[in-house]
Every structure is written in C-alpha cells, then in structure tokens.
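Encoded as structure tokens, the structure appears first; notes follow it.
Since every read-out is calculated from the coordinates, none of them should be taken as a lab result. Predicted model only: the values in this text are computed from it and were never measured. Neighbour counts run over all protein chains shown; Cβ positions are idealised from the backbone, glycine included.
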Amino acid sequence: MSDIRLVGLRKAFGKQEVLRGLDLVVPFGKITVIIGRSGTGKSVLLKQLMGLLRPDSGSIFIGDTDITRLPEGEFRKVRNRFGMVFQNAALFDSMTVYENVAFPLREHTRLREREIRERVVASLASVGLADAIDKDPHQISGGMKKRVAVARALIRKPEFLLFDEPTTGLDPIMTAHVDELIRHTQDTSPGLTSLVISHDMEATLRIADKIAMLFEGRVIFEGTADDVRSTDHPVVRQFVEGRLEGPIKV
Amino acid sequence: MNPIERLGAWVIASIEDLGGYTRFTARATWGMIRPPYRFRLLFKQMEFVGNQSLSIVMLTGAFTGMVFAVQSDFAFGRFGARGLLGSTVTLALTRELGPILTSLMVNGRVGSAMAAELGTMRVTEQIDAIESMSVDPVQYLASPRIAASILMVPILCAMFDLVGVIGVSYVATQMLGVNPGPFYNRMEWFVDPDDIWGGMMKSAIFGYILASVGCYRGFYARGGAEGVGQATTRAVVASGVAILVIDYFITLILAPMSVNRA
C-alpha cells in the first residue's frame with residue numbers, strides 16, 4: 001500500500017544536467033504515465049527507481065522508506081518489489097521464451113520444475129502467448145517480445161510495474177493491444193502500482209490514471225487525462241498537438 | 001588540450017580503468033566463492049571454453065611441435081647434438097609454448113566471444129534486465145566464465161603438450177631420422193612432471209586473465225555495435241599483452257626454483 005515519492009531528484013552526465021530537481025508522487029494502485037520528449041531523462045528516472053543509476057542528489061521514497069542511498073545488497077531486496085519492462089523488451093537471446101519467463105522463479109524460488117512450468121504457462125497465457133513458449137526471442141515479433149517481457153515482469157507478482165516506452169516501434173494495432181494489456185494487468189492485479197514512460201499521447205490518454213509531463217529536468221504538469229485534454233499550459237499543448245512552434249525548441 | 005594535458009588525461013583514464021578492472025574481478029572472484037552456485041552455467045561455459053576449443057588447440061600443438069622439431073634439428077645438427085632435440089623441444093613446449101600458445105588461441109576464440117556476448121547484452125539492456133530482477137549480473141555472467149577458464153585452459157594446455165610431443169616425436173624419429181633411443185631417453189631424463197604442472201599452473205592464471213578481461217570489457221561496453229566491436233578488440237589485445245607480460249614475471253619467479261630442483 002505504498003506510494004512512490006521522488007523529491008528534488010538531480011542527475012547529470014558530465015556537463016549535461018538531465019534531471020534538475022524533479023518532484024513527483026506515483027500514487028498507489030494507479031497507472032501513472034510520464035510523458036515528455038525523447039532525451040528528457042524519462043528512462044534515467046526509471047533506472048534510478050530501480051537503483052540501476054543513482055541520483056546525484058534528492059531522494060526516492062517507497063512509502064516512508066528512503067531507498068536512495070541503500071547499499072547494493074539492500075537495494076537488491078527493494079528490486080524484488082519491482083518488475084520492469086524495458087524499451088526493447090531486453091529478453092535474453094540465449095534463452096527460449098519459457099526460460100526467459102522462468103528466469104526470476106529459478107533465481108529466487110525453490111519451486112520444482114513442474115510448478116515453474118505451470119506458472120510460466122499461466123503467465124504467458126495471460127498475455128496471449130501460450131503458443132510461443134518454446135520459441136527463441138528472435139523467432140517472435142517486436143510486439144510479442146514486449147508481451148513476453150510483461151509476462152516475465154509479472155511472474156513474481158511485483159508491487160510496482162515499470163514500463164519504459166512499451167509501445168515504441170510497434171504498429172498501431174499492436175500498440176493498442178499492449179495498451180490494453182497494461183490496463184488489464186492493472187485492473188486485475190490488486191495492489192499493483194504502474195509507472196509508464198511514454199511519448200505516445202494517444203496511448204497515454206487511453207490508459208493513464210495520472211499523467212505527469214517532464215520538461216527541462218522537472219515535472220511541469222500533473223493531472224488526469226481530462227486535465228491534459230483541457231489544459232492551456234503552452235508546453236503541454238504543444239506536445240499533445242505535436243506542433244513545431246512553441247516553447248519546446250526542436 | 002596541450003600534449004601534457006593529454007598525457008595527464010590518458011594516465012588518469014588508465015588508472016581509473018585499472019581500478020574498475022580490479023573492482024570487477026574482485027566482485028567476480030567473490031561471486032565464484034559465495035552462493036548461489038550455478039553449476040549449470042559453469043558446465044555450459046566449461047563446454048564452450050574447453051570442448052569447443054579442443055580441436056584448434058590440438059591443431060596448434062601438433063604443428064608447433066612439428067615445426068619446432070624441424071628447426072631444432074637444423075640447429076642441433078650443426079654441432080652434432082641431435083640427441084638433445086627431444087628433451088629441448090619438450091621442455092620448451094611444456095614450460096612456455098604450451099601455456100602461452102594455448103592461452104593466446106583460447107583468448108582469440110573465447111575472450112573475444114565473452115567480450116562480444118556481454119557487450120551485446122549490455123547495449124541491448126539485458127544486463128540491466130538481470131539486475132532489475134535482483135540478480136547480481138557480475139556473479140551471474142562473469143563468475144562462471146572466469147571459473148570455467150581457470151579450470152579448462154590448463155587441461156587444454158596439457159592436451160597441447162601431449163599433441164605437441166607426439167608431433168615432435170613423429171617428425172624427429174620418423175621423418176628426420178633421429179635415433180629414438182637417445183631421443184626418448186634424454187626426454188625422460190630432462191623433463192620432470194613439475195615442468196608440466198608449472199605450465200598448467202601458468203595457464204590457469206592466463207585463463208583467469210583472458211576471461212576476466214573479456215568479461216570486463218564486454219560488461220562495460222557502450223554505444224551500440226561499434227562499442228561492442230571496440231570492446232572485443234580491446235579485450236583481445238589487452239589480455240594478449242597481459243598474458244605475455246605476466247608470463248615473463250612468473251617465469252622469473254619459477255626459474256630459480258627449477259634451478260634449485262636440478
């Protein structure tokens with residue numbers, strides 16, 4: 001029953017300041033979508049949440065626990081509460097679909113192979129891919145890879161599910177399918193909190209309970225899909241309408 | 001930047017790189033000792049490093065022994081000491097050529113593959129995915145590869161020695177007409193099991209180096225296909241040079257022991 005709170009997050013790579021004091025609350029049990037142009041630090045934000053990158057300053061809270069500066073060993077326990085779907089699915093290409101989805105169970109449980117198989121089949125069935133179980137990642141399409149990645153992220157029933165641009169590179173039908181999958185997963189998983197990084201406005205408006213827009217390293221707008229549709233914030237309007245003219249310089 | 005600044009930047013970058021490598025190998029070595037133990041991954045890597053390198057190592061060993069026999073026969077024949085051919089070539093094979101050539105061949109085949117595989121996993125976020133699932137990627141990826149190399153390169157070296165000695169014996173006694181009696185007698189007299197063990201010990205160290213450098217370069221590869229290519233090249237060159245340099249120092253340490261033994 002925990003929110004995620006990001007307080008004053010800063011991150012720079014050399015002289016390039018990506019996050020400049022970002023504040024955001026990701027509410028428990030909802031889908032929060034972070035939008036913004038490519039290169040504004042959205043993926044950096046997700047990697048900081050997972051401890052794959054550490055912020056230069058600022059804090060990340062899960063509930064009341066500050067996880068920002070936990071040592072690596074402690075952070076590993078925190079990661080057990082997360083599932084993550086990477087931008088390009090990041091399936092292990094040396095393993096089959098089955099082995100990919102079974103990976104977290106094999107690493108973290110003492111389940112028998114028969115039980116693992118049952119859970120993997122169920123998880124793949126929930127994303128409509130029970131037939132692809134013995135295929136290699138290179139034998140399936142981009143959309144199918146994303147769905148396998150969702151099945152892998154969900155198999156240990158995480159509290160927090162993070163998606164890094166889940167529909168990038170997919171055709172419109174597969175995009176709608178993945179959107180539906182994210183919404184369905186949220187609605188059928190009690191206690192799940194989802195955070196989605198996207199620059200796909202149509203998808204965002206379809207699935208989001210809360211939308212936050214990232215611009216120049218800070219959150220400049222927060223609200224619901226209806227708030228986004230009705231706002232006259234010039235940056236948000238330009239981004240939503242995809243105009244070249246406006247405060248966002250190309 | 002002026003030349004002095006460039007030199008300073010290079011020195012700092014090199015020290016940072018060495019520090020990064022030391023931390024990485026310490027983590028990977030600790031990962032071999034502490035649980036969880038992933039024997040399936042270890043056996044898979046042992047098959048890759050050992051079994052799949054066997055034919056190329058044996059081929060190299062056979063032809064090294066054969067060509068060495070021809071060259072040595074030419075040299076020894078000039079002052080009538082052809083009977084020493086067997087012992088001399090066998091000592092050279094077991095003490096130096098076996099460990100060095102085996103390690104360099106395995107480095108070209110296995111070290112480069114490790115750098116390329118881990119580099120590809122890095123740039124396609126597969127290593128991030130492992131970490132995101134609360135698994136230590138260094139222990140999962142590097143530890144079994146390094147352990148497999150430590151175990152398999154000495155065995156490959158022994159195979160190199162064996163095939164090399166068969167090669168030199170065949171060429172010397174069957175093709176060059178060296179008398180088999182003194183050939184085998186002096187070989188037995190001069191070559192001790194410690195020469196073979198010493199070579200195998202060296203190759204275990206070289207196995208550690210080639211695998212750890214390959215994994216380190218791949219693990220920290222950056223920038224897509226080009227970055228993976230650079231990581232692979234740097235891994236092969238760096239571990240090749242390191243093997244030759246470290247061989248010199250190990251030989252300096254081991255040589256006095258051999259003299260005392262004699």
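Would you mind checking the pairs A:LYS42/A:LYS157; A:LYS11/A:LYS249; A:LYS77/B:LYS44; A:LYS42/A:LYS249; A:LYS47/A:LYS77 and listing those with alpha carbons more than 26 angstrom apart?
Distance filter (> 26 Å) returns A:LYS77/B:LYS44.
Applying a 10 Å radius around every beta-carbon, put B:84-93, B:201-210 in order of their mean neighbour count, most first.
Per-residue Cβ counts within 10 Å, averaged per peptide and sorted highest first, yield B:201-210, B:84-93.
Ratio to report: Rg/Rh of chain A, with Cα atoms as the point set and Rh obtained by the Kirkwood method; give two decimals.
0.97
How many angstrom lie between the C-alpha centres of the stretch B:193-248 and the stretch A:112-148?
When both Cα centres are located, 37 Å separates them.
Would you give the gap between the C-alpha center of the stretch B:64-121 and the C-alpha center of the stretch B:155-187, rounded to a whole Å?
Cα centroid of the stretch B:64-121 versus Cα centroid of the stretch B:155-187: 13 Å apart.
Take peptide A:46-54, look around each residue's Cβ out to 10 angstrom, count Cβ atoms belonging to other protein chains, and average those counts.
Per residue, the number of nearby Cβ atoms from other chains is 2 on average.
Would you tell me the mean number of C-beta atoms belonging to other protein chains that fall within 10 Å of each C-beta in A:195-201, as a whole number?
0
Counting only Cα, what are the radius of gyration and maximum Cα-Cα distance Dmax of the stretch A:92-157, in Å?
10.7, 32
If one takes the longest principal axis of the Cα atoms in chain A, at what angle in degrees, from 0 to 90 and to the nearest 10, does the Cα axis of helix A:113-126 lie?
Around 40 degrees separate the two axes.
Given the rule -39500 (n - 2.57) for each run of at least 4 DSSP H residues, summed and divided by the residues of chain A, what is its mean residue ellipticity at 222 nm, to the nearest 500 deg cm²/dmol?
-11000 deg cm²/dmol
Tell me the Rg and the Dmax, in Å, that the Cα atoms of the stretch B:173-224 produce.
Radius of gyration, then largest Cα-Cα span, for the stretch B:173-224: 20.7, 61 Å.
Gain in length, A:GLU113 to A:LEU244, computed as 0.36 nm per residue apart minus the alpha-carbon separation, to one decimal in nm?
41.7 nm
Rounded, prolate or oblate for the stretch B:1-84? Axes are the square roots of the Cα gyration tensor eigenvalues, ordered a ≥ b ≥ c, and the cut-off for rounded is a/c under 1.5.
oblate
Any chance you could get the radius of gyration and Dmax over the Cα atoms of the stretch B:37-261, in Å?
20.2, 69
Label A:ARG10 and B:ILE15 with points 7 Å out from Cα along Cα→Cβ: what is the distance between them in nm?
Inter-label distance under the simple model: 2.7 nm.
Report the charge-dipole magnitude of the stretch B:37-261 in Debye, nearest 20, computed about the Cα centre from +1 at each Lys and Arg Cβ and -1 at each Asp and Glu Cβ.
I would put it at about 160 debye.
Mind sorting A:PHE86, B:PHE48, A:PHE160 by how few other Cβ atoms lie within 10 Å of their own Cβ, fewest first?
Exposure proxy ranking, most exposed first: B:PHE48, A:PHE160, A:PHE86.
Given +1 on the Cβ of Lys and Arg, -1 on the Cβ of Asp and Glu, and no further charges, what dipole in debye does the protein assembly as shown carry about its Cα centre, rounded to the nearest 20?
Dipole about the Cα centre, nearest 20: 600 debye.
In whole Å, how far is the Cα centre of the stretch B:14-37 from that of the stretch A:54-95?
21 Å
Angle check, please: helix A:142-154 long axis (alpha carbons) against the longest principal axis of chain A (alpha carbons), in degrees 0 to 90, nearest 10.
Helix A:142-154 sits roughly 80 degrees off the main axis of chain A.
Show the residues, 5+ positions off or on another chain, whose built amide H is closer than 5 Å to the amide H of A:ARG218.
Answer set, sorted by chain and number: A:ARG20.
Anything in chain B that counts as a DSSP H helix reaching 30 Å or more along its axis (C-alpha) with Kyte-Doolittle mean of at least 0.5? List them, would you?
Helix filter hits for chain B: B:54-77, B:143-170, B:224-261.
What list do you get for A:GLU118, A:GLU17, B:GLU131 if you sort them by fewest beta carbons within 10 Å?
A:GLU118, A:GLU17, B:GLU131
Taking the Cβ-Cβ separation of A:MET95 and A:THR168 as r and a Förster radius of 25 Å, what is the calculated FRET efficiency to the nearest 0.05?
According to the calculation, E is roughly 0.60.
Taking the Cα-to-Cβ direction at A:GLU17 and at B:TRP189 and moving 7 Å from each Cα, how far apart do the two end points lie in nm?
About 8.1 nm, to one decimal.
Rounded, prolate or oblate: which fits the protein assembly as shown when a ≥ b ≥ c are the square roots of the eigenvalues of the alpha-carbon gyration tensor, with rounded for a/c under 1.5 and prolate only if a/b beats b/c?
Because a/c hits 1.5 or more and a/b exceeds b/c, the protein assembly as shown counts as prolate.
Say each of A:GLU202 and A:ALA176 gets a label point 7 Å from the Cα, pointing the same way as Cα to Cβ; how far apart are those two points in nm?
Placing both labels 7 Å beyond Cα along the Cβ direction yields 0.8 nm.
Could you give the angle, 0 to 90 degrees to the nearest 10, between helix A:172-188's Cα long axis and the longest principal axis of the Cα atoms of chain A?
Approximately 80 degrees, to the nearest 10.
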